[in-house]
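Notes for the one structure printed next.
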Amino acid sequence: MSAHILLVEDNTDYVENLKEIFEELGHEVRSVHTCAGAREVGKGWLQVALVDLKLPDGDGTALARQLKDDNPDCEVILLTGHASVESAAEAVRAGVWAYLIKPCAVPDLLATLDKATRHVHAQQEKRELARRAQVAEKLAAVGTLTAGLSHEIRNPLNAAVLQLSVLERRVRKLEHTQQGPLLEPLTLVRDEIRRLEHIVQDFLQFARPLQLAVKPTALGPLLQKVVAFIITDADRRQVGLEADTSQASTIAGDADQLRQVFMNLLLNAFDAVKEGGRVRLSCEAHPDAIAVHVDDDGPGVPAEHADRIFEPFFTTKSKGSGLGLPITHAIVSQHGGTLKVTKAPLGGARFTVTLPRATER
Ligand SMILES: Nc1ncnc2c1ncn2[C@@H]1O[C@H](COP(=O)(O)OP(=O)(O)OP(=O)(O)O)[C@@H](O)[C@H]1O
Ligand SMILES: [Mg+2]
């Protein structure tokens, strides 16, 4: 299990040594030699810190407290050349994970680091679950309200569309020169109403408890259909869409709902890239599941938004409803799958949907 490790130590030889060992094990390592540097570099990144007790601008125990304030899930391992009962007691009070005496045998250090890493990952997972539960609660509350509201909005909207076509027919009967200035605003109103309809439809879908019709579904053909449907959209926006579904196999799923999942992710990717950008859909086979990646070469999801993009109504688009990802997430979760966002090899965002394989009967 790998971690983001921060080394806070002013003995450069020792630091280089540890860095090499940790990096070889797959950890990401950063090193600093002051308390101030540690707080700056560690903030929002650090998972496990190895801190020397005596630092040029302060004391390791106080730093441990600050690091844990800045990064609530992190763990700190204190290293010291001269142990005393007082400093050990102080370290325990500061909530450090372990207190090791230098020179410390590498296997001991690695074992301690491994335990701390596992603990940090478990804590972070717990926090993520709590956050998801909160989102689910918000979804449920909002759902009931929007279901009622959306139905109410739909009726007047339908009436407006009907009247609009009456108006349009009348305008078309006018002389040609008079038609232009009247038709243009009419088209604008029609487009805006379509947009409203789209939002209302999203709301309704979101509010309705999902009824899945799960059966063994060939994922490859399903993905190919989505791509065939959306390719004109890609062409119109001058986005290069590639799809490799060779690793796709049969999963347990509801084809209609899953089509929506991949449509949402692909449309988001189209929105994220510039003209001439690239979007790539690919599959990865795992023993019990199939992972589908939707990658793009856009700017990616900024760290400050990563937590929020699955929240209902969170959007950075002027014409977005912010319901695409929450709906997608709900559908995938109901399939017993997962939806994760990471960095794509293309440079932008990678959204990965993992779905369980169909079980053989
Ligand atoms: N591929 C991506 N790259 C970068 N940011 C993304 C990507 N996909 C989604 N996002 C971010 O997540 C936000 C929420 O996405 P979501 O699909 O839920 O809503 P939306 O696309 O804004 O609106 P809607 O889907 O309802 O039209 C987006 O506004 C955008 O900021
Ligand atoms: Mg969207």
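The values are calculated or read from the model by the stated rules, or taken from the named source; none is laboratory data. Keep in mind that what you see is a predicted model, and the values were worked out from it rather than measured. Please note: Cβ atoms are built from the backbone with ideal geometry, for glycine as well, and neighbour counts cover all protein chains shown.
Residues in segment 330-353 that are closer than 25 Å to Gly277 by Cα and more than 7 Å from ligand 1 (Cβ to nearest atom): Leu339, Lys340, Val341, Thr342, Lys343, Ala344, Pro345, Leu346, Gly347, Arg350, Thr352, Val353. What about Thr359, is it farther than 27 Å from Thr232 by Cα, more than 8 Å from ligand 1 (Cβ to nearest atom) and among the β-branched types (Val, Ile, Thr)? Taking the combined requirement at face value, the residue satisfies it. For segment 305-328, which residues satisfy the criterion of being touching a residue at least 60 places away in the same chain (Cβ under 8 Å) and more than 9 Å from ligand 1 (Cβ to nearest atom)? Asp307 - this is the single residue of segment 305-328 that is touching a residue at least 60 places away in the same chain (Cβ under 8 Å) and more than 9 Å from ligand 1 (Cβ to nearest atom). Being touching an Asp or Glu at 6+ places or on another chain (Cβ under 9 Å) and not acidic (Asp, Glu) is true for just one of Leu196, Leu162, Leu212. Which residue is that? Answer to the selection: Leu212. With respect to (1) at pLDDT 95 or above; (2) outside any helix (DSSP H, G or I); (3) of a type outside the set (Phe, Trp, Tyr), the lone exception for Leu265 is condition (2). Which one of these is free of Cβ contacts under 8 Å to residues at least 12 places away in the same chain and surrounded by 15 or more Cβ atoms within 10 Å (Cβ to Cβ): Ala83, Ala140, Ala88, Ala98? Testing whether each residue is free of Cβ contacts under 8 Å to residues at least 12 places away in the same chain and surrounded by 15 or more Cβ atoms within 10 Å (Cβ to Cβ) leaves just Ala88.
Just one residue in the set Leu223, Leu186, Leu212, Leu204 is part of a helix (DSSP H, G or I) and either under 30 Å from Thr245 (Cα atoms) or polar (S, T, N, Q) (or both); that residue is Leu223.
If we only count strands (runs of 3 or more DSSP E) wholly inside segment 1-76, which ones have 3 or more residues that are closer than 24 Å to Pro107 by Cα and under 26 Å from the mean Cα position of the chain (by Cα)?
It comes to 4-8, 28-32.
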